[in-house]
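Inspection log for the structure reproduced underneath, given as structure tokens.
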Amino acid sequence: MADKQISLPAKLINGGIAGLIGVTCVFPIDLAKTRLQNQQNGQRMYTSMSDCLIKTIRSEGYFGMYRGAAVNLTLVTPEKAIKLAANDFFRHHLSKDGKKLTLLREMLAGCGAGTCQVIVTTPMEMLKIQLQDAGRIAAQKKLMAAQAQLSSSSVVGAAEPAVETRTTAMQITRELLRSKGITGLYKGLGATLLRDVPFSIVYFPLFANLNKLGQKDPNVKAPFYVSFLSGCVAGSTAAVAVNPLDVIKTRLQSLQRGVNEDTYSGILDCTKKIWQKEGPMAFLKGAYCRALVIAPLFGIAQVVYFIGIAEFLLDMLPKHQA
């Protein structure tokens, strides 16, 4: 793509702004995805995305849909900045004398971007998942306690359902650092790599080629709506393609389990147990939600990135200093 060169600070600012806007818009759907993916064949709480969101609002209030959002909003800026800037960096160095990149080189650039981003993605996702899934586990325990109380209603002094104790990202972080060191925050690193590298290999070449279709002139950027639609299509396609790996990653990064739910020792153990106990369709859990999350997230990201909000802000900075 023959776009003008953008400075590294501008790339980082653009990526950060894009991530903040995108996450704010789609976080409730991401919460539903996490809860649906973590459900096993034990006590199922939700039947669909809409059912999950309705029950979440009823039991936890409107802001219950944004549990874990603070972690995402804090870390999504460096995560998206690294992802988008790294892809540009690798594309620039893999191109020969400004010539068009081959598909293989585009895929290699995407691979490099996906590998770089896991530095931030892994701890961000790990903390987010604990907070997002806490409401599901608490609701499941309350339901089981209520059922047990009904069955033993004739017994004097039956126990009251437990009240959920809310934890924060800082509490989880401190506990992990105390008990396991920095490696505690990187639980599921291998699964995150297995998800994010293929995602980037699919997403970035697909986006670049779709975006080019909207360019009337190779030296002029495509219209913003073309970048948005290209980001949506490429993002949702890549998201569904790697959804089985996202299910495995989500299960491995969950520190707490619901009633009668399996624990896993690693990627192969998780894959085997899901296949044997839940069937192959279990690997598509949350795929619809994930597509709905990723499509606007990357559509918004690419629009902000290619409009170049940061260049405008950086150009204005000297005027205010004068």
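Of note:
- For segment 67-82, the set of residues classified as surrounded by fewer than 20 Cβ atoms within 10 Å (Cβ to Cβ), more than 15 Å from ALA301 (Cα to Cα) and not polar (S, T, N, Q) consists of ALA70 only.
- For segment 173-208, residues that are of a type outside the set (D, E, K, R), without any contact (Cβ under 8 Å) to a residue 60 or more places away in the chain and at negative phi total 8.
- Cβ-Cβ contacts under 7 Å between residues 6 or more apart (or on different chains), taken from a first residue in segment 46-63 that is in contact (Cβ under 8 Å) with a residue 40 or more places away in the chain to a second residue that is hydroxyl-bearing (Ser, Thr, Tyr) and open to solvent by 30 Å² or more (accessible area, probe 1.4 Å), are listed as MET49/TYR288.
- Helices (runs of 4 or more DSSP H) wholly inside segment 1-95 that include at least 3 residues being at pLDDT 90 or above and touching a helix residue (DSSP H, G or I) at 6+ places or on another chain (Cβ under 6 Å): 8-38, 49-60
- With respect to the conditions (1) open to solvent by 40 Å² or more (accessible area, probe 1.4 Å); (2) modelled with pLDDT under 85; (3) part of a helix (DSSP H, G or I), GLN302 falls short on a single one, namely (1).
- Selection within segment 254-294: residues that are buried (at least 24 other Cβ atoms within 10 Å of the Cβ) and assigned to a helix (DSSP H, G or I). The member of this set that is farthest from the chain's Cα centre (by Cα) is CYS289.
- Test: residue in segment 65-81 that is small (Gly, Ala, Ser) and closer than 23 Å to VAL247 by Cβ: yes
The values are calculated or read from the model by the stated rules, or taken from the named source; none is laboratory data. Not measured: the values here are computed from a predicted model. Here the Cβ is made from the backbone with ideal geometry for all residues, glycine too, and neighbour counts use every protein chain on show. Areas reflect the complete protein model, heavy atoms only, side chains present, ligands, DNA and RNA absent. Shrake-Rupley method; radii C 1.70, N 1.55, O 1.52, S 1.80 Å.
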